[in-house]
Amino acid sequence: MTIVRTPDPPVAAEAAVRVRPARRRRKSQPEAFAFLTPWLLGAVALTVGPMVVSLYLSFTDYDMFTAPGWVGFGNFTHMFTDDDRYLQSVKVTLVYVLVSVPLKLTVSLLVAMLLNTRRGANGFYRAAFYAPSLLGASVAAALVWRALFMGGGPVNEVLAFFGWHTPSWVDDPRFSLASIVLLGVWQFGAPMVIFLAGLKQVPAELHEAAAIDGAGAFRRFRHITLPMLSPVIFFNLVMEAIHAFQAFTPAFVIGGGRGGPADADLFYTLYLFEVGFQDFRMGYASAMAWVLLAVIAIVTAIVFRTAKLWVFYDDAEERG
Amino acid sequence: MGRTTGRGTGRGAAALAVVVPLLLTGVAACGSGSGAGDGDVTITFVWWGSDGRANLTKKAVELFQRKNPKIKVQTSFSAYAAYWEKLATQTAGGKPPDVLNVDTRYLAEYGGRGVLADLNQGAGKAISLADVNPELAATGVYQGKRYAVPWAQNTPAMIYDPAAFTAAGADPAQGLTWQQYAEATRKVSAAGGFSARGTTDFGILDTALEVWLRQQGKQFYTPAGKLGFTADDLRRYWQLASGFRDGKGASPADVTASYNTSPEQSPLGKKLTSSEFAYDNLLPAYQKANGKPLNVAPYPTDKPGDTGQYRRPSMFLAVSARSAQQEAGAKLVDFLVNDAEVGKIVGTDRGLAPNLKVRAQLAGSATGNDKTLYDFEAALEPKLGAAPPVPPKGAGAIQKLLQRTYEEVAFGRMSVDDAVSRFMTEAEKGLS
C-alpha cells in the first residue's frame, strides 16, 4: 500500500490543516466521535474483541465446554510437525489459489474485451456473464454444480456421448478439485465488470496512433492495453487471491461437508471449521485462523512489493 | 495494507467470531430463568431430524403442554450435522437448550465435559426407567453417571431390495453367511448389467465394522476408550469388503465416496445399489428414496445365531446441567419416554418405543412398515446382545477417519496394508 499510493491526498490534507485554525479542528471532534460511535461499538464488539480473544485462544487447548488451558506454541508446532491433514489442507488450498486465480483473471479479461464493444446485445451478455458471480459463495450454486458433475449427471453424459467415460467428477479424488476450480472460474463476473471499467479508460487515440504506426492487434494489446490496465489487474489479483484463500462454501457443499473423497477437497477453511465445530478443538482452530491471516498478509505484501515492477500509473500531468 | 488484509482475516476468522460474542453475551443470560411469573416456566427443547419427524415431535410436545399447562416448550430442530455445530456454539455461549437430543457418539463429549445433568440425582430422579429394558437403559450411563435416557431403540441391520435378491436366489431375511452374501450381490450386479451393484461398499461404515467385530468377539472401543481391535482385524475386514468390490458385488469407488448418512443421499436411496447396511428404523426413509418395496434383514454372519447386532439407543434425551428449569425438563423427558399416547404419535420414526409396555401395546396394532419393524425386532430380541460401552471423546472423528482411509483403498491409491497402518496411527493419536 505504501508503494501504490498517489501523492495527492496527503498533500491536500496537509494544506487543509494549515488553512484551518487548530482550535476549530479540535471543536469538531466530539461530533465526529458521536457519529463514529455506532461503528466503533460494532468494530470493537464484533471484530476487534473476537480477534483478541481468538488470538488468546490460539495459545490454548480450548474445547468450547471447559475453561481454556494455556499450551503456548503447542498448536502451531503441532500443525506443521504432526498433522498430515493440515498439510493436505494447505496443499489443496495452494493448488486452488494458484490454478483458479490466474484462470479466472484470464477468462474475465478475455470476456471483458469481447464485451467492450458497442454491439447491441452486449448489455444482455454483460448481465448474463455477471449473474453467476452474484450467486457468489451461495450454497445453491454449489448444489447445482454437484448435480451437474456427479455420476450420471449432465457433464458425465455429454462426455460419454463423445466417448470419454468419466467417473463421478465430484466424488473422484482425481477430478473433484478440478470441478471446484471450474465453479470458481465460472463465477468470473466481478473481476470482469472491473476489467470492463478499466478497458473503457484506455484512450482510443493510443490504439489509433499505434495502428497507424503498423502495430497489430496483439502488439497493441501487449503494449497498450496491458500496461494501461495493470492497476486494475493488480486490484483484481489481490482481491481474487484473498477470496481464493478463504474459499469455503463450494468445497463444503461439493465435498459432502467432509473434505471430499479421500480429502481431495480439504480446503484450509473447511479443515478449520471441522476442527473447531465438529472436533471441538477451538484453540487449534484459532491458531489455524491466525496462520491463515499471516499467510494472506504475506502474500498480499509480496504482490504489493512486486507491483512496482509491472503496475503503471498514468501520470496526471502527462494526460491533463 | 493493514486494511486489505484486515478485511481478509475478518472473513477468515469469521467462524471464530461467531462464537465469541455469544460467549460474551450468553454468560450473562445464563442462570436467569425465563418466564418465571405465576409459576409458569418456559423450556427449550432441540432435536435433529427431517420435517416429517418435526411434525410428529411437535404433536407430542403439544400433548405435553396440554397436560402440563404451566410449562411452555420452545422447540427447534436441524439436520444431523448442522445440529451438532449449532449445539456446540450454543453450549460454548453458555446457553445450551434445557432438553436436548444426544447421540451415543457424542455422549462422552458432552457428558464428560459437564454439559449434561446427571439424571441419577436431583430433578432427573423423576424420570422413570422402570419399564425400559435395563440393558438399553444402561447405554445412557457414562463413567457412573446417567447423562441421558434412550428415546428409542433400533438395531444395525441390512436394508435390501427383496425382488433383486430373490431373483439371485438368496433370501437375506433368513440369514446369510458372508460368502453367500458375496455371491448374491455379484449375481444382483450381473442381473442389472452392472449399472447398479448388489451392495454399498461397507468398508467405509463404522457401524458395519462394529457389528462385524462383534461377530469376531471383539469390540470397536474398549470401556477405557481405546480401540478394541487390532490392525489385523481391520485388515481382514477391509479385505472382506474389497473382495465384494473387486467381484463387482459392491459399489465402485466414486459411488461409495458419494455416501452420505442420509438415506436420500446414499447409494441405495439413489438406486445405485440393492442393499446397504444401516439401521432398521430407516427402512421407510430408504423405501421412499428408492421407490421400490424394500425389506430389512439381519447382518450376514459366519456364526449361526450370532449376528453381532445389539439393542442400540437410536437417540438419547438429556437435560442440560446449566438449565435453571431442570425439573420441567425432566418432566418432559419422562413424558416422552413413558407416555403411551406419545408412543402412538411418534411411531417407529426414531425406532421402537423405549418403554416396553408401550411397545407391546403398539406392536399389537402396528401396520405396514411399523409392523415389519416390530416383527423384525421381536424375532431378533432373544439374539440381541448388550450395547457396546459409550464411545470415547473423539469417536465422531474416528468415523470420518475410517471413511477417508478406506476411500484411498477403494480408489486404488493405497494398499489395504498401508491404509490400515494409517488408520491405526491416526486413530490412536485422536483417542489419546
### Query
For chain B, modelled as a Gaussian network with Cα springs under 10 Å, which listed residue fluctuates most, B:G343, B:G49, B:G192?
B:G192
### Query
So if we plug the beta-carbon distance of A:V107 and A:L41 into 1/(1 + (r/R0)^6) with R0 = 30 Å, what FRET efficiency do we get, rounded to 0.05?
0.10
### Message
Whole-Hz ³J(HN,Hα) for each residue in region A:223-238, computed from phi via Karplus 6.51 cos²θ - 1.76 cosθ + 1.60 with θ = phi - 60°, x for glycine and proline: what do you get?
### Response
9, 10, 4, 4, x, 5, 8, 4, x, 6, 4, 4, 4, 4, 4, 4
### Size of the A/B contact, given as accessible area buried on both chains, probe 1.4 Å, in Å²
3900 Å²
### Query
Taking each residue of A:246-259 in turn, how many C-beta atoms of other protein chains fall within 10 Å of its C-beta, and what is the average?
2
### Query
Can you tell which of B:G122, B:G203, B:G394 shows the greatest fluctuation in a Gaussian network model of chain B with Cα springs below 10 Å?
B:G122
### Task
May I ask for the Kirkwood hydrodynamic radius of chain A, worked out over all distinct Cα pairs and given in angstroms to one decimal?
23.5 Å
## Note on the structure
Contact order relative to length for chain B, counting C-alpha pairs under 8 Å separated by 6 or more residues, stands in percent at 24 percent
### Query
How big is chain B in terms of Cα radius of gyration and Dmax, in angstroms?
22.7, 73
### Query
Where nothing but the Cβ of Lys and Arg (+1) and of Asp and Glu (-1) is charged, how large is the charge dipole of the protein assembly as shown around its Cα centre, in debye to the nearest 20?
1900 debye
## Note on the structure
The FRET efficiency for A:F235 and A:R118, from their Cβ-Cβ distance with R0 = 25 Å and rounded to 0.05, is 0.45
### Message
Can you give me the long-range amide H partners of B:R146? Hydrogens built in the peptide plane at 1.01 Å from N, cutoff under 5 Å, separation of 5 or more residues or another chain.
### Response
B:L119, B:N120
### Message
Given N residues in region A:233-320, what is its alpha carbon radius of gyration divided by 2.2 N^0.38 Å?
### Response
1.50
### Message
Quick check on packing: order B:251-261, B:62-72 by the mean number of other C-beta atoms within 10 Å, highest mean leading.
### Response
B:251-261, B:62-72
### Message
Need the per-residue list for region A:289-311: every residue with at least 10 Å² less accessible surface in the complex of protein chains than in the chain by itself, probe 1.4 Å, sorted by number.
### Response
A:A289, A:L292, A:L293, A:I296, A:A297, A:T300, A:A301, A:F304
## Note on the structure
Residue-ordered couplings for region B:396-405, obtained by feeding phi - 60° into the Karplus form 6.51 cos²θ - 1.76 cosθ + 1.60 and rounding to whole Hz (Gly and Pro as x), are x, 6, 5, 4, 5, 4, 4, 4, 6, 6
### Query
In cubic angstrom, how much convex hull volume per residue do the alpha carbon atoms of region B:207-259 span?
94 Å³
## Note on the structure
A convex hull over the alpha carbons of the protein assembly as shown yields, per residue, a volume in Å³ of 211 Å³
### Task
Work out Dmax and Rg for region B:178-308 from the C-alpha atoms and quote the Rg first, both in angstrom.
14.7, 48
### Query
region B:132-202: which chymotrypsin sites (Phe, Trp or Tyr not before Pro) are DSSP loop and have at most 14 other beta-carbon atoms within 10 angstrom?
B:F194
### Query
Looking only at B:R422, B:R350, B:R245, which one moves most when chain B is put into a Gaussian network model with springs between Cα atoms under 10 Å?
B:R422
### Message
Run the Debye formula on the Cα coordinates of region B:312-432, all scatterers equal and no solvent, and tell me log10 I(q)/I(0) at q = 0.12 1/Å.
### Response
-0.74
#### Entry: All-pairs alpha carbon distance profile, region A:208-255, 5 Å steps from 0, percent
5, 17, 15, 12, 11, 10, 9, 9, 5, 4, 2
## Note on the structure
The distance between the Cα centres of region B:297-334 and region B:335-395, in whole Å, is 10 Å
### Query
Using just the C-alpha positions of region B:99-183 as equal point scatterers, what log10 of I(q)/I(0) does the Debye formula give at each q in 0.13, 0.15, 0.23, 0.25 1/Å?
-0.59, -0.66, -1.09, -1.26
### Query
Suppose R0 equals 56 Å; then what is the FRET efficiency for B:D246 and B:K72 from their Cβ-Cβ distance, rounded to the nearest 0.05?
0.45
### Message
Can you list residues from other chains, or at least 5 along the same chain, whose modelled amide H is less than 5 Å from the amide H of B:L317?
### Response
B:V102, B:V149, B:W151
### Query
Using bins 5 angstrom wide from zero, how does P(r) for region B:366-432 break down, in % of all Cα pairs?
3, 14, 15, 11, 10, 10, 13, 13, 7, 2
### Query
Under the Kirkwood approximation for Rh and a Cα-based Rg, what ratio Rg/Rh is obtained for region A:36-109?
1.17
### Task
Based solely on C-alpha atoms, express the radius of gyration and the Dmax of region B:262-368 in angstrom.
17.3, 52
### Query
Under 5 Å between amide H atoms, partner at least 5 residues away or on a different chain: which partners does B:A157 have, H built in plane at 1.01 Å?
B:A278, B:Y279, B:D280
### Task
Determine the relative contact order of region A:194-320: mean sequence separation of Cα pairs under 8 Å and six or more apart, normalised by residue count, in whole percent.
24 percent
### For region A:239-300 versus region B:55-73, the gap between their alpha-carbon centres in whole angstrom
41 Å
### Message
Testing the spin-label approximation: label points 7 Å from Cα along Cα→Cβ at B:Q179 and B:K371. State their distance in nm.
### Response
3.8 nm
## Note on the structure
Residue-ordered couplings for region B:303-315, obtained by feeding phi - 60° into the Karplus form 6.51 cos²θ - 1.76 cosθ + 1.60 and rounding to whole Hz (Gly and Pro as x), are 10, x, x, 10, 8, x, 6, 8, 6, 10, x, 5, 6
### Query
With labels modelled as points extended 7 Å from the Cα through the Cβ direction, what inter-label distance (nm, one decimal) is found for B:T261 paired with A:H223?
6.5 nm
### Summary
Between the alpha carbon centres of region B:252-278 and region A:114-160 the gap in Å comes to 29 Å
### Task
For the protein assembly as shown, with all protein chains present and a 1.4 Å probe, just round the carbon and sulfur fraction of the accessible area to a whole percent.
61 percent
### Expected-Rg normalisation [2.2 N^0.38 Å, Cα atoms] applied to region A:77-214
1.39
### Query
What's the longest bit of chain A with no exposed chymotrypsin sites (Phe, Trp or Tyr not before Pro), using DSSP loop states and at most 14 other Cβ atoms within 10 Å as the test?
A:165-311
### Cubic angstrom per residue, convex hull over Cα atoms of region A:163-204
99 Å³
#### Entry: Net charge, B:L136 excluded, C-beta distance under 12 Å - Lys, Arg +1, Asp, Glu -1
-1
### Query
Which listed residue (A:F80, A:L115, A:A131) has the Cα farthest towards the positive end of the charge dipole for region A:33-177, taking +1 on Lys and Arg C-beta and -1 on Asp and Glu C-beta about the Cα centre?
A:L115
## Note on the structure
Counting only protein heavy atoms and rolling a 1.4 Å probe, one gets per residue an accessible area for chain A in Å² of 54 Å²
### Query
Could you work out the helix-only [θ] at 222 nm for the protein assembly as shown, with each DSSP H run of four or more residues adding -39,500 (n - 2.57) and the total divided by the number of residues, to the nearest 500 deg cm²/dmol?
-17000 deg cm²/dmol
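The values are calculated or read from the model by the stated rules, or taken from the named source; none is laboratory data. The model shown is predicted, which means the values in this text are computed figures rather than measured ones. Note that each Cβ is placed from the backbone with ideal geometry, even for glycine, and that neighbours are counted across all protein chains shown. Accessible surface areas use protein heavy atoms only, side chains included; no ligands, DNA or RNA. Shrake-Rupley method; radii C 1.70, N 1.55, O 1.52, S 1.80 Å.
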